[in-house]
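As C-alpha coordinates, the structure follows; a few thoughts come after it.
The values are calculated or read from the model by the stated rules, or taken from the named source; none is laboratory data. Keep in mind that what you see is a predicted model, and the values were worked out from it rather than measured. Accessible surface areas use protein heavy atoms only, side chains included; no ligands, DNA or RNA. Shrake-Rupley method; radii C 1.70, N 1.55, O 1.52, S 1.80 Å.
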Amino acid sequence: MGHETRMGVPLKGYDEHSALTGWRKVDRFRPGDRKAAKNTFNRRVRRQRIKIEERDDGD
(Lines give C-alpha, C1' and ligand atoms only; values in the text may rest on other atoms or scores of the structure.)
Protein backbone atom coordinates (compact mmCIF):
# COMPACT_ATOMS: atom_id res chain seq x y z
CA MET A 1 0.00 0.00 0.00
CA GLY A 2 1.23 3.43 -0.91
CA HIS A 3 0.54 6.72 0.68
CA GLU A 4 -2.66 8.40 -0.35
CA THR A 5 -2.14 11.39 -2.59
CA ARG A 6 -4.17 14.28 -3.89
CA MET A 7 -2.98 16.24 -6.91
CA GLY A 8 0.22 14.18 -6.86
CA VAL A 9 1.15 15.33 -3.35
CA PRO A 10 1.13 12.81 -0.49
CA LEU A 11 -0.95 13.55 2.56
CA LYS A 12 1.09 14.04 5.72
CA GLY A 13 -0.23 13.20 9.13
CA TYR A 14 -3.52 12.16 10.59
CA ASP A 15 -5.12 15.61 10.40
CA GLU A 16 -4.63 16.00 6.66
CA HIS A 17 -5.68 12.44 5.95
CA SER A 18 -8.89 12.69 7.95
CA ALA A 19 -9.71 16.22 6.76
CA LEU A 20 -9.25 15.56 3.04
CA THR A 21 -10.66 12.05 2.66
CA GLY A 22 -13.94 10.36 3.46
CA TRP A 23 -12.89 10.11 7.10
CA ARG A 24 -14.01 13.72 7.55
CA LYS A 25 -17.55 12.34 7.81
CA VAL A 26 -16.53 10.10 10.72
CA ASP A 27 -13.97 12.24 12.54
CA ARG A 28 -14.97 15.22 14.65
CA PHE A 29 -13.05 18.44 14.20
CA ARG A 30 -12.88 21.45 16.44
CA PRO A 31 -13.75 24.76 14.82
CA GLY A 32 -10.94 25.72 12.48
CA ASP A 33 -9.00 22.44 12.63
CA ARG A 34 -10.20 21.10 9.28
CA LYS A 35 -9.53 24.42 7.58
CA ALA A 36 -6.04 24.55 9.08
CA ALA A 37 -5.26 21.06 7.71
CA LYS A 38 -6.58 22.05 4.29
CA ASN A 39 -4.52 25.27 4.33
CA THR A 40 -1.27 23.45 5.13
CA PHE A 41 -1.91 20.91 2.38
CA ASN A 42 -2.82 23.54 -0.21
CA ARG A 43 0.23 25.59 0.76
CA ARG A 44 2.45 22.56 0.19
CA VAL A 45 0.79 21.97 -3.21
CA ARG A 46 1.40 25.59 -4.25
CA ARG A 47 5.02 25.48 -3.15
CA GLN A 48 5.62 22.25 -5.04
CA ARG A 49 4.01 23.74 -8.15
CA ILE A 50 6.29 26.80 -7.92
CA LYS A 51 9.32 24.56 -7.46
CA ILE A 52 8.40 22.53 -10.58
CA GLU A 53 7.85 25.70 -12.63
CA GLU A 54 11.23 27.10 -11.56
CA ARG A 55 12.91 23.84 -12.48
CA ASP A 56 11.26 23.85 -15.93
CA ASP A 57 12.18 27.49 -16.54
CA GLY A 58 15.83 26.74 -15.78
CA ASP A 59 16.18 24.47 -18.82
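Averaged per residue, the chain has 88 square angstrom of accessible surface, using a 1.4 angstrom probe with ligands and nucleic acids left out. With N counted as the residues of the chain, its alpha-carbon radius of gyration over 2.2 N^0.38 Å works out to 1.33. When the solvent-accessible area of the chain is split by element, carbon and sulfur atoms take up 49 percent of it, the probe being 1.4 Å.
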